[in-house]
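The values are calculated or read from the model by the stated rules, or taken from the named source; none is laboratory data. Quantities reported herein were computed from a predicted structural model and do not represent experimental measurements. Positions of Cβ are generated from backbone atoms using ideal geometry, with glycine treated the same way; all protein chains shown enter the neighbour counts.
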């Protein structure tokens, strides 16, 4: 364990993949082996510029490199998007709890994802399919604004839907000529009979507005609030439950989350703001 | 021997200053601030009747510091032993709260721990609480019973000096020449003075008597419009969080130096508008009333749930320092009345 929790370890960007007009995946090699559990996040430092929290999108099985998919949203992410291969970066973490994968065993797992929210989901998905027999089914309902905003296109249209035990549907908010799939927000492809509501877990990750409506829909379908898992995005700055920025009620998202059940946080107002 | 007698402050402070840097209260108008003690000063040092205006957290969690160096090497300051004289029980209780956060085993904050280990604390009894003091409302007393290396109780003709740690005991043992034996009636005099201060605090805060524990009041009135109303006088100066001995929010930022990079840690404030905002623009507490509620909830409810103590020591600095004239005791009293009404309505329904 790093003695100083504020000190990042050195890492290097060895590859950059354009996923969408606003999202790139950075392949990062940390100087030393780096282990994380799926759903945990890291603080990625652009030296001398700043740092921001991201959940790796690669499988935790890979300890020598990790993929981090980043949407251009603010100062640090904007500058990261201008970086090229060979850029030195820093990594702190991993932080937080991650997805409780073991508690999904024997159940159907419904994953509802949107936009850059597919980043943590990819890591979870890879973790689940790695032991797919442990789960009754993995049901994916993914969306993006337009077809070109869908990330991980190769996997989404390639091998992922073909995996035994995986049921995948995609949607876009707005279509173009080349799109033959569903058009509409992601909740339009989540149906009440997609999974056995009494023996399943729902994982929701995406923009706050999407998470809000997907959660409301899940509740309406009869999912219990403690079967709904939410990846909360707040201002996780220190990552170690001290600086206070990411608090939702009594919880530090960085330490107690970033994955919460709806049951845990439902009593706090403005969790989607 | 745990208790000895000291006639004048100067020999004690001189003896400490011989060993380490020493900070002492300095009178500034009606208030006190800390300054570095210079043994060469011939004047008898100041004994502060009440807490110093600036919070003791400054010594452990400086307003700005280098939290980490990366991508190169840099001289990091070697933290040497230092002493602070004039801390009151509210200050010591504030340090205990900061310890919960920065000495939390899972993630120790290295510079906090280094400063904490090197700090020699000389506290003293309060014998003239201010109108803004309310430690008695949050489980405090105007005198310290733990958390100090040495504690001074002012009595007739000098001070009772009590050692509260091994470091303190060793200091007393090594410096017996400056102390004398306790006069026969000194301890009973001290007890009376302590009782008087406590009575004075109870008088000061008589009008704010509450019917329920503060955490129940604040949580029970979570939806109260009073938080929004309270925000009406706030000018968002963030002064309350700066002077608070327990507020510990900070902001991390990166800096580029000639041959290394640094991660800086700087005080932040949950009362700041963009405090909780994320890069995407969402902000769960963009409304001031939500921020003032979160601050109170954190102090009296969330921290208590997490660490088992509330995050307010009743020092009253926020009352004294508020540019808008906000008064936490009045707010608590109003919330108390609201909760009483709520409970009453429930019963009569």
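For the reader, a short list of remarks on this structure follows.
- Test: residue in the range B:273-280 that is assigned to a loop (DSSP other than H, G, I, E, B), within 30 Å of residue B:72 (Cα to Cα), modelled with pLDDT of 95 or more and within 13 Å of another protein chain (Cβ to nearest Cβ): no
- Any hit, the range A:209-224, residues being at pLDDT 95 or above, within 14 Å of chain B (Cβ to nearest Cβ) and in contact with a helix residue (DSSP H, G or I) (Cβ under 9 Å, 6 or more places away or on another chain): yes
This table checks each residue for (1) surrounded by fewer than 20 Cβ atoms within 10 Å (Cβ to Cβ); (2) in the same structural domain as residue B:131 (by TED's automatic domain parsing).
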{"residue": "B:175", "(1), (2)": "yes, yes"}
{"residue": "B:181", "(1), (2)": "yes, yes"}
{"residue": "B:202", "(1), (2)": "yes, yes"}
{"residue": "B:227", "(1), (2)": "no, no"}
{"residue": "B:260", "(1), (2)": "yes, no"}
{"residue": "B:263", "(1), (2)": "no, no"}
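- Top-ranked residue of the range B:301-325 - restricted to ones that are more than 17 Å from the chain's Cα centre (by Cα) and surrounded by 20 or more Cβ atoms within 10 Å (Cβ to Cβ), ranked as farthest from residue B:105 (Cα to Cα): B:301
- Positions within the range B:102-140 being at pLDDT below 95, away from chain A (no Cβ under 14 Å) and either part of a helix (DSSP H, G or I) or touching a strand residue (DSSP E or B) at 6+ places or on another chain (Cβ under 8 Å) (or both), in sequence order: B:127
- Of the criteria (1) surrounded by 20 or more Cβ atoms within 10 Å (Cβ to Cβ); (2) within 14 Å of chain A (Cβ to nearest Cβ); (3) part of a loop (DSSP other than H, G, I, E, B), which one residue B:143 fails: (2)
- Residue match in the range A:229-238 (condition: away from every other protein chain (no Cβ under 14 Å) and in a helix (DSSP H, G or I)): no
- Selected residue (only one of A:171, A:188 is surrounded by 13 or more Cβ atoms within 10 Å (Cβ to Cβ), on the phi < 0 side of the Ramachandran plot and in a helix (DSSP H, G or I)): A:188
- Taking the range A:2-53 and the strands (runs of 3 or more DSSP E) fully enclosed by it, the elements with 3 or more residues that are within 14 Å of chain B (Cβ to nearest Cβ) and crowded, with 19+ Cβ neighbours inside 10 Å are at A:41-46.
- Lone qualifier among A:110, A:80 - being in a strand (DSSP E or B), in contact with a strand residue (DSSP E or B) (Cβ under 6 Å, 6 or more places away or on another chain) and crowded, with 23+ Cβ neighbours inside 10 Å: A:110
- When the range B:284-339 is filtered for residues that are closer than 13 Å to residue B:230 by Cβ, at pLDDT 95 or above and assigned to a loop (DSSP other than H, G, I, E, B), nothing remains.
- Qualifying positions in the range B:288-303 - touching a helix residue (DSSP H, G or I) at 6+ places or on another chain (Cβ under 8 Å) and at the interface with chain A (Cβ under 9 Å from one of its Cβ atoms): B:290, B:297, B:301, B:303
- The condition (being free of Cβ contacts under 8 Å to residues at least 24 places away in the same chain, surrounded by fewer than 13 Cβ atoms within 10 Å (Cβ to Cβ) and out of contact with any strand residue (DSSP E or B) (no Cβ under 7 Å at 6 or more places or on another chain)) is satisfied by just one residue among B:223, B:211: B:223.
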